[in-house]
1. Go through (1) in contact with an Asp or Glu (Cβ under 7 Å, 6 or more places away or on another chain); (2) modelled with pLDDT of 90 or more for LEU226 and report which single condition fails.
2. Give me the helices (runs of 4 or more DSSP H) completely within the stretch 181-263, filtered to those with at least 1 residues that are in contact with a Ser or Thr (Cβ under 9 Å, 6 or more places away or on another chain) and not aliphatic (A, V, I, L, M), ordered by residue number.
3. Let me spell it out: the conditions are (1) at pLDDT below 90; (2) under 23 Å from ALA109 (Cα atoms); (3) not β-branched (Val, Ile, Thr), and PHE54 meets all of them except one. Which number is the exception?
4. Among the candidates LEU199, LEU222, LEU193, LEU226, which residue alone is free of Cβ contacts under 8 Å to residues at least 60 places away in the same chain and surrounded by fewer than 16 Cβ atoms within 10 Å (Cβ to Cβ)?
5. Counting only residues that are among the acidic types (Asp, Glu), part of a loop (DSSP other than H, G, I, E, B) and in contact with a strand residue (DSSP E or B) (Cβ under 6 Å, 6 or more places away or on another chain), how many does the stretch 37-88 have?
6. Just checking, does the stretch 243-257 include any residue being in contact with a helix residue (DSSP H, G or I) (Cβ under 8 Å, 6 or more places away or on another chain), closer than 25 Å to GLN179 by Cβ, open to solvent by less than 80 Å² (accessible area, probe 1.4 Å) and touching a residue at least 60 places away in the same chain (Cβ under 8 Å)?
7. State the number of residues belonging to the stretch 95-152 that are at pLDDT 75 or above and of a type in the set (S, T, N, Q).
8. Could you please let me know if LYS260 is open to solvent by 80 Å² or more (accessible area, probe 1.4 Å) and either within 54 Å of the chain's Cα centre (by Cα) or modelled with pLDDT under 90 (or both)?
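The values are calculated or read from the model by the stated rules, or taken from the named source; none is laboratory data. In this text the structure is predicted, and so the values were computed from the model without any measurement. When we count neighbours, we look across all protein chains shown, and the Cβ atoms used for this are built from the backbone with ideal geometry, even at glycine. To get the accessible areas, we keep the full protein, side chains included, count just its heavy atoms, and leave off ligands, DNA and RNA. Shrake-Rupley method; radii C 1.70, N 1.55, O 1.52, S 1.80 Å.
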Amino acid sequence: MFSSVFTFSQTLSSKLDKQTLALGEPGILRIQISDLQAKDVQAAPQNELLPFHFEEIKDSIDKKVETYDRIIEFAVFEEGKFTIPALDFKIGGKLYHTIPYEVEVVNTAQKGDVINDIMKNKEVKLDVRDYWELYKWYILGALILLALIFVIYQIVKYAKRQKSSPAVMTNQTLKQLDQLKRKNYIETGNYRLFYVELLDISRNFITKQYKIPADVLLTDDLIDVLKVNNAISPENEKIVEDIFLRGDLVKFAKIFPDQKDMQEDFDRLRNFVKTSTKDLETEQLRNGV
């Protein structure tokens, strides 16, 4: 379909090659202006001239002194009737329009049509190198992830081991004893609270340092286990036995220790904690560890 608009000496014409298109079939709209006499032409930018539904494939503009040619190749991917409206062109400052066009888009495929491939599928044999190229990043990623998990596990394991090491346990217990000392139970003669906290610190220390359940055993049972276990040196066994027996007597108000006894028990227990690592080293040599 062809139309022309004459403006003084300029001629604005448009031509649509088809008014019925199949789905996705390209259509062409040609717009031409002649006898321009070097006048300026203003219109919508390239690829923006046609409205929605018209997918512009190509939009070429050729402007010369006397002529203006514009060819738009488009396609529509929906069935129905669509309108190309009157398109605006400003020539030398004056506005002109093309005529509108109606385009009908039909689906030429019939129900039950068999769709065949243009080419048959080609079988490609892959070797080890091909599979490596396909999956190498997945393999490398999995290896990196496994390595990262292993490193994190070792760090956590090392941190736990360090936290529960004999030296760390010794230092923690010495700090607890210093905190007990600062409460001034000895100076004020508060023997009951002094021995309660001193025995709690002792039981916790023996449980964690020597792996003996001192936190649940009665005093007599604990003393028997220490003698059978031989994890603690005889000198340290005597210290633990004396302090625990004295603490039980204090608990039941059978004795009333003075400041000298309290200070002596505190110093002896502190010395036992400080020398506990020697007991552990002796136990390791005895067991061949």
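1. (2)
2. 191-210, 234-251
3. (1)
4. Being free of Cβ contacts under 8 Å to residues at least 60 places away in the same chain and surrounded by fewer than 16 Cβ atoms within 10 Å (Cβ to Cβ) holds for just one of LEU199, LEU222, LEU193, LEU226, which is LEU193.
5. Pass one, the stretch 37-88, residues among the acidic types (Asp, Glu): 40, 48, 55-56, 59, 62, 66, 69, 73, 78-79, 88.
When the remaining residues are screened for being part of a loop (DSSP other than H, G, I, E, B), the result is 40, 48, 66, 78-79.
Restricting the remaining residues to those that are in contact with a strand residue (DSSP E or B) (Cβ under 6 Å, 6 or more places away or on another chain) gives 79.
Counting residues in the stretch 37-88 that are among the acidic types (Asp, Glu), part of a loop (DSSP other than H, G, I, E, B) and in contact with a strand residue (DSSP E or B) (Cβ under 6 Å, 6 or more places away or on another chain) gives 1.
6. yes
7. Looking only at that region, the number is 3.
8. Considered against the rule, which asks whether it is open to solvent by 80 Å² or more (accessible area, probe 1.4 Å) and either within 54 Å of the chain's Cα centre (by Cα) or modelled with pLDDT under 90 (or both), LYS260 comes out as no.
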